[in-house]
Amino acid sequence: MTVFEVAELAWQLAEFAAPFIDPDTRTTVFTQLGAGEHTAAIQLALQWLSAVHEPLPPKLADRLDRWLDCYTGNPDERRLRSLVQANS
């Protein structure tokens with residue numbers, strides 16, 4: 001997955017999650033996106049969705065799973081994958 005594809009994925013997740021996130025957290029997510037911190041924005045959005053028990057649309061969950069395949073062996077993979085699974 002290219003950097004541009006990751007950015008697009010992060011923006012899609014943020015737009016989906018925006019109605020479910022409190023205003024301060026939403027500002028943080030979009031600030032992270034604007035700063036190019038896509039992984040941080042994805043993580044924060046997933047954490048919030050998990051806290052409010054909001055399931056991801058299946059296509060978005062599939063894209064996140066494919067993105068996480070690029071993280072195989074990364075120390076963050078297990079945590080991120082569990083967040084995706086918790087919201088799927």
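Each value in this text was obtained by applying a stated rule to the coordinates, not by laboratory testing. Since this is a predicted model, take the numbers as computed values, not measurements. Positions of Cβ are backbone-derived with ideal geometry, glycine not excepted, and every protein chain shown enters the neighbour counts.
Sort the stretch 39-88 into rounded, prolate or oblate with this rule: let a ≥ b ≥ c be the square roots of the eigenvalues of the Cα gyration tensor; rounded if a/c is under 1.5, and if a/c is not under 1.5, prolate when a/b is larger than b/c, oblate otherwise. It would help to have the intermediate numbers written out before the result.
Values: a/c = 1.99, a/b = 1.36, b/c = 1.45.
Verdict is oblate for the stretch 39-88.
To the nearest 500 deg cm²/dmol, what mean residue ellipticity at 222 nm is calculated for the chain from DSSP H runs of n ≥ 4 alone, each contributing -39,500 (n - 2.57), summed and divided by the residues?
Numbers: 5 runs with 63 residues, N = 88.
That comes out to -22500 deg cm²/dmol.
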Distance (nanometres) between label positions extended 7 Å along Cα→Cβ at SER88 and THR27:
3.5 nm
In whole Hz, the Karplus estimates of ³J(HN,Hα) for the stretch 53-64 (6.51, -1.76, 1.60; θ = phi - 60°; x where Gly or Pro) are 6, 9, x, 7, x, x, 5, 5, 4, 4, 5, 5
Largest first, please: the extent of the C-alpha atoms of the chain along each principal axis, to the nearest Å.
33, 27, 23
Taking Cα pairs under 8 Å and at least six residues apart, what relative contact order does the stretch 1-70 come out at, in percent?
39 percent
Please compute the modelled spin-label separation between ALA40 and HIS53, points set 7 Å along Cα→Cβ, answer in nm with one decimal.
3.1 nm
